[in-house]
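Chemist: Please read through the structure below; I'll follow up with questions.
The values are calculated or read from the model by the stated rules, or taken from the named source; none is laboratory data. Just so you know, these numbers come straight off a predicted model, no measurement behind them. No Cβ is skipped: glycine too gets one built from the backbone with ideal geometry, and neighbour counts run over all protein chains shown.
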Amino acid sequence: MLLDLQGISLSFGGVQALDDVSLSVPSGAIKAVIGPNGAGKTTLFNLVSGFLQPQEGRIFFKGEEIQGQPAHVLAARGIGRTFQLVQLFDHMTVLENVMVGCHRRGRAGLLAGALRLPWTFPEEKDIRRWAWEALEFVGLTNRAHHFAAVLPLGLKRLLEIARALAAQPTILLLDEPASGLDAVETERLRDMILALRDQGITILLVEHDMSLTMDVAEEIAVLNYGRLIADGPPRAIQKHPEVIAAYLGTDWQA
Amino acid sequence: MGDALGEGFIRRLFNRWTLFAAMAALVAVVLENNYYLSLLNFIGIHAILVVGLNLLMGYGGQISLGHAAFFGLGAYTSGILTASYGVNPWLALIAGLIVCGIAAFLIGVPALKLHGYYLAMATLGFGIIVYIVLNEALPWTGGPSGLSGIPSLSLGGLKLDTPWRLYFLIWLTVWAILLISANLVDSRTGRALRALHDSEAAARSLGVDTARLKLQVFIWSALYASLAGSLYAHTLNFVAPASFGFMFSIKLVTMVVLGGMASIWGSLLGAAVLTVLPELLAVFHDYETIVFGAILMVVMIFLPRGLVRGILDLRELRKYKREGVR
Amino acid sequence: MDIFAPLLQYLISGLTNGAIYALIALGFGIIYNATTIINFAQGEMVMLGAMAAISFYHLHPSLPLAFAAGMGVVTVVGVVFERLALRPVKDPSPITLIIITVGGAVFIKGAAMMLWGKDAYPLPPFTGNVPIYLGTATVLPQNLWVMGLTAALVLALEAFFRLTLAGKAMRACAYNNRAARLMGISAGRMVQLSFGLAAALGAGAGILIAPLTLGVYDMGLMLGLKGFSAAIIGGLGSLLGGVLGGLVLGVAESLATGFISSGYRDAVAFLLLLLVLFLRPQGLMGGGK
């Protein structure tokens, strides 16, 4: 297992956001987490990526315990993520956004950068090239020198993925990547997720678009009010009585 | 812009910097008036301070309300060591940098771990403590009446004691500081810094150690202030606490806001305008407080990225709209 | 016995100043709870309170009237400040808000300087100047007024938060802003209310201290900073913490003045502030969030 969560619990001021959740993501898989709004999906992401710490339970990544480590350390160890509300660097160009994604692959510090020490030049060149490659992957090279803020939402989501990719993650957490995308863009996203998997990147996905989820995911975990109620292949999930009950009367949104 | 960013960019940069140096040199040749030269010298010293503060504010998204204190620490370290202990001015300058670096580290470590407001308050408090100490520690600082007899800097036997000679030293320093700062902003660390300003969460998710970075840039900007302080002490040959009070910190923030956040050249402009204005308009002095307050409020409400930067941004946006970018 | 006599005297002056700091600290806390803004202009409300009361007293020499009018005017200033300078902000990042409130503080100070000049003005003590002897220590009636009225204001505030609908709504907002909004509490109204309340408390502090220190256009900065220090020392956003922080700070300052040197008196507040930031950033009474 690449990622393994064991008995994770977390509550905010009396509200149990996650209650004894255990789930695992095999290496190279595409796994989805679904559930109604407020089920704890984003909380789960924040825990795995180090933005929150669990009150109980343990998280293993590549066989090592990682809970308690800060987000930037986990990022350097190969956990990449995107955000439900797109978090781009608005005042930087598209290319620069992705160059920040390459941060952990470089090592020039403040002084080296300020003085332009000779050895930083090849590194800068590499960073530029890597960033360009990531932009090529999502098809954004024609916007490379625009400010991120002026992109339409669909392209912003792609840029966020490119930026996360530039950090060479082992696992990529995608938080509702299709929300706000039109049908064509969603289709492109679908292909992209599959292509990432084929490159060997493990994907953990939270998504509202059920057809996309059912299409790409090899395993689906279902959360409801912070509890894991089902975990298995898409077909089994669709027939799971508790899942049907949880979604009865609500939309299949989640 | 296109693909050839690498070579072309360096060439363009080179031109801009040589142009700046040439203009500065030309001014020195043409200007013989000592008053104007020393005014330019003060603009230069302020510019160093403002660029440093802008790296922290405009790029790092943090604010120091006590930058005058670092300026003062640099000035007094230079002043006391040279005037009272006969230390070589250049060594004293380095000592000032060390003192300011340590002070910034000690304030930054606790304050930056917390919410964005704490650095503002901690630096404000620090500024006031320093101001009080400068006034009270009579045996060392000379108290409110100041410290005199600070020797001038000298370079290879040449004493830099006229405005004309100082002009070269100060503007060479300004040139270097602007260049270094522009380099920094366009480096790996600089990008991380700008990223941090826009979205700290995203920066962290990409492996940027944001706490460390904030501390680094805070210390870095304190070092600029210390350098400016040492230059100031050796330019004036005299320092007094009144130059390093709260209002001067506010004046520096106003210079940043006027010149525009995240703008190296804007910093120069902001420093120039607010240094020259009080000289041109004698009445300005009486209204200084209220004018600074008004500038800070009005600019930040309507153009949160500062005046010059904000106007540039608006133009940029309009350009994109015209080009039909959705 | 020798050391005890001055100690009592220091305690009295420390508690008096501490009460003032506590009122200012509460203003910081109330605004912080409603908006998570630190209002750097809070200290200027203290100055405005003192100056306004002094002016009103000149127009019509009645202290209760001057007190009420001073507080009233400053409350309006606080609300207007929020409306004009903070509500229109499109990008409410901390640095923007810091600069705006700092700008507001500087602006108000500058305006006060133009309005009242640089002179310091007296306000008569509320009930005479005949000292009361407590053993070897003396207490001015004004000291008692400061402590008594502060206690009354704090109790009134507590009652407001516990008993009135508006007060309960404010507490709900502080506890959970989003849930409060869902329950139909207008966050905008609460923000306005918080700025008004904070300004009123600040003004009260200024009017109480004016008979002891005189009122002058630049008194706001130091008082505001000390109020903030008190708020942090006690735990930002906690009522009890603000009061406690104020009193601790006041007494610490007064002891430092007595036993070390009066010149460094003002440095004490900031040393304590830095110390608390180092050792216990949530403050004495703040729970870890």
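Chemist: Evaluate the following for residue B:253: is it in a helix (DSSP H, G or I) and without any contact (Cβ under 8 Å) to a residue 60 or more places away in the chain?
Modeler: No: the conditions fail for residue B:253.
Chemist: Which number in (1) closer than 19 Å to residue A:88 by Cβ; (2) aliphatic (A, V, I, L, M); (3) at pLDDT 95 or above marks the one condition that residue A:181 misses?
Modeler: Here residue A:181 meets the rest and fails (3).
Chemist: Which of the residues that make up the stretch A:45-62 are within 11 Å of the chain's Cα centre (by Cα) and touching a residue at least 40 places away in the same chain (Cβ under 8 Å)?
Modeler: Within the stretch A:45-62, the first condition is being within 11 Å of the chain's Cα centre (by Cα), and the residues that meet it are A:45-46, A:48-49.
Within the stretch A:45-62, A:45, A:48, A:49 meet the criteria.
Chemist: Consider residue B:313 carefully, then state whether it is within 14 Å of chain C (Cβ to nearest Cβ), under 30 Å from residue A:155 (Cβ atoms) and in a helix (DSSP H, G or I).
Modeler: Details: within 14 Å of chain C (Cβ to nearest Cβ): yes; under 30 Å from residue A:155 (Cβ atoms): yes; in a helix (DSSP H, G or I): yes.
Yes; evaluated as a whole, the condition is true for this residue.
Chemist: With the requirement that a residue be assigned to a helix (DSSP H, G or I), more than 7 Å from every other protein chain (Cβ to nearest Cβ) and in contact (Cβ under 8 Å) with a residue 12 or more places away in the chain, what does the stretch B:296-310 give you? Before the answer, list the steps.
Modeler: First, pick out the residues of the stretch B:296-310 that are assigned to a helix (DSSP H, G or I): B:296-302, B:307-310.
After this cut, where a residue has to be more than 7 Å from every other protein chain (Cβ to nearest Cβ) as well, the list is B:298-299, B:302, B:307-310.
Listed by number, the residues that qualify are B:299, B:307, B:308, B:309, B:310.
Chemist: Also: Kindly check whether there is at least one residue in the stretch C:162-175 that is hydroxyl-bearing (Ser, Thr, Tyr), at pLDDT 85 or above and assigned to a helix (DSSP H, G or I).
Modeler: no
Table: residues versus (1) outside any helix (DSSP H, G or I); (2) free of Cβ contacts under 8 Å to residues at least 40 places away in the same chain; (3) polar (S, T, N, Q).
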position: B:111; (1), (2), (3): no, yes, no
position: B:117; (1), (2), (3): no, yes, no
position: B:120; (1), (2), (3): no, no, no
position: B:124; (1), (2), (3): no, no, no
position: B:128; (1), (2), (3): no, no, no
position: B:131; (1), (2), (3): no, no, no
position: B:134; (1), (2), (3): no, no, no
position: B:140; (1), (2), (3): no, no, no
position: B:152; (1), (2), (3): yes, no, yes
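Chemist: Among the residues of the stretch C:253-289, write down those that are within 23 Å of residue B:118 (Cβ to Cβ), modelled with pLDDT of 80 or more and among the small types (Gly, Ala, Ser).
Modeler: Hits for the stretch C:253-289 are C:267, C:269.
Chemist: Sticking with this one: Is it true that residue B:59 is in contact (Cβ under 8 Å) with a residue 24 or more places away in the chain, crowded, with 20+ Cβ neighbours inside 10 Å and closer than 28 Å to residue A:118 by Cβ? Give the derivation first.
Modeler: Working: in contact (Cβ under 8 Å) with a residue 24 or more places away in the chain: yes; crowded, with 20+ Cβ neighbours inside 10 Å: yes; closer than 28 Å to residue A:118 by Cβ: yes.
Judged against the criteria, residue B:59 is a match.
Chemist: If residue B:188 satisfies all but one of (1) modelled with pLDDT of 95 or more; (2) more than 8 Å from chain A (Cβ to nearest Cβ); (3) buried (at least 22 other Cβ atoms within 10 Å of the Cβ), what's the number of the condition it fails?
Modeler: Residue B:188 satisfies every listed condition except (2).
To keep it simple, each residue is scored yes or no on (1) in a helix (DSSP H, G or I); (2) within 14 Å of chain B (Cβ to nearest Cβ).
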| site | (1), (2) |
| --- | --- |
| C:205 | yes, no |
| C:222 | yes, yes |
| C:248 | yes, no |
| C:254 | yes, no |
| C:263 | yes, yes |
| C:282 | no, yes |
| C:285 | no, no |
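Chemist: Is it the case that some residue within the stretch C:91-110 is more than 27 Å from residue B:197 (Cβ to Cβ) and hydrophobic (A, V, I, L, M, F, W, C)?
Modeler: The first filter runs over the stretch C:91-110 and keeps only residues more than 27 Å from residue B:197 (Cβ to Cβ), leaving C:108-110.
If we keep only those that are hydrophobic (A, V, I, L, M, F, W, C) too, we end up with C:108.
Yes, some residue in the stretch C:91-110 is more than 27 Å from residue B:197 (Cβ to Cβ) and hydrophobic (A, V, I, L, M, F, W, C).
Chemist: Can you pull out the residues in the stretch B:66-84 that are farther than 16 Å from residue B:239 by Cα and at pLDDT 95 or above? Outline the logic, then answer.
Modeler: Narrowing the stretch B:66-84 to residues farther than 16 Å from residue B:239 by Cα: B:66-67.
Selection gives B:67 alone.
Chemist: Right, another one. Considering only the stretch B:49-100, state which residues are of a type in the set (S, T, N, Q) and touching a helix residue (DSSP H, G or I) at 6+ places or on another chain (Cβ under 6 Å).
Modeler: Here is the first cut: in the stretch B:49-100, the residues of a type in the set (S, T, N, Q) are B:54, B:62, B:64, B:77-78, B:82, B:84, B:88.
Within the stretch B:49-100, B:54, B:62, B:64, B:77, B:78, B:82 meet the criteria.
Chemist: Taking the stated definitions as given, is residue A:94 closer than 18 Å to residue B:202 by Cβ and in contact with a His (Cβ under 8 Å, 6 or more places away or on another chain)? Outline the logic, then answer.
Modeler: Details: closer than 18 Å to residue B:202 by Cβ: yes; in contact with a His (Cβ under 8 Å, 6 or more places away or on another chain): yes.
Spelling it out, residue A:94 is indeed closer than 18 Å to residue B:202 by Cβ and in contact with a His (Cβ under 8 Å, 6 or more places away or on another chain).
Chemist: Restricting attention to the stretch C:60-94, which residues are among the aliphatic types (A, V, I, L, M), under 23 Å from the mean Cα position of the chain (by Cα) and facing chain B (nearest Cβ under 8 Å)? Before the answer, list the steps.
Modeler: Just the residues of the stretch C:60-94 that are among the aliphatic types (A, V, I, L, M), to begin with: C:63, C:65-66, C:68-69, C:71, C:73-74, C:76-77, C:79-80, C:84-86, C:89.
The next check asks that each one be under 23 Å from the mean Cα position of the chain (by Cα); those that pass are C:63, C:65-66, C:68-69, C:71, C:73-74, C:76-77, C:79-80, C:84-86.
If the condition is that a residue be among the aliphatic types (A, V, I, L, M), under 23 Å from the mean Cα position of the chain (by Cα) and facing chain B (nearest Cβ under 8 Å), then C:85 is the only one that fits.
Chemist: Shifting gears a bit: Give the stretch A:2-34 a look and list any residue that's free of Cβ contacts under 8 Å to residues at least 60 places away in the same chain and within 18 Å of residue A:169 (Cβ to Cβ), or say none.
Modeler: A:4, A:5, A:24
Chemist: Return only the number of the condition from (1) at pLDDT 90 or above; (2) assigned to a strand (DSSP E or B) that residue A:190 does not satisfy.
Modeler: (2)
Chemist: Consider residue C:215 carefully, then state whether it is touching a strand residue (DSSP E or B) at 6+ places or on another chain (Cβ under 8 Å) and within 27 Å of residue C:83 (Cβ to Cβ).
Modeler: yes
Chemist: Looking at the stretch A:62-72, which of its residues are more than 8 Å from chain B (Cβ to nearest Cβ) and either modelled with pLDDT of 95 or more or touching a Gly at 6+ places or on another chain (Cβ under 8 Å) (or both)? Don't jump to the end; show me each part of the working.
Modeler: So the first thing to find is which residues in the stretch A:62-72 are more than 8 Å from chain B (Cβ to nearest Cβ), and the list is A:62-69.
Passing the criteria: A:62, A:66, A:67, A:69.
Chemist: Among the helices (runs of 4 or more DSSP H) lying completely within the stretch A:80-140, list those that include at least 2 residues that are farther than 20 Å from residue B:199 by Cα. Walk me through it before giving the result.
Modeler: On the way: elements: A:94-101, A:110-115, A:120-138.
Per the criteria, A:110-115, A:120-138.
Chemist: Then there is this: Regarding residue A:174, is this residue surrounded by fewer than 17 Cβ atoms within 10 Å (Cβ to Cβ), of a type in the set (A, V, I, L, M, F, W, C) and at negative phi?
Modeler: Numbers: surrounded by fewer than 17 Cβ atoms within 10 Å (Cβ to Cβ): no; of a type in the set (A, V, I, L, M, F, W, C): yes; at negative phi: yes.
The answer is no for residue A:174.
Chemist: While we're here: Of all residues in the stretch B:205-222, which are assigned to a helix (DSSP H, G or I) and under 18 Å from residue A:148 (Cα atoms)? Step through it out loud before you land on a result.
Modeler: Of all residues in the stretch B:205-222, those assigned to a helix (DSSP H, G or I) come to B:205, B:210-222.
Across the stretch B:205-222, the qualifying residue is only B:205.
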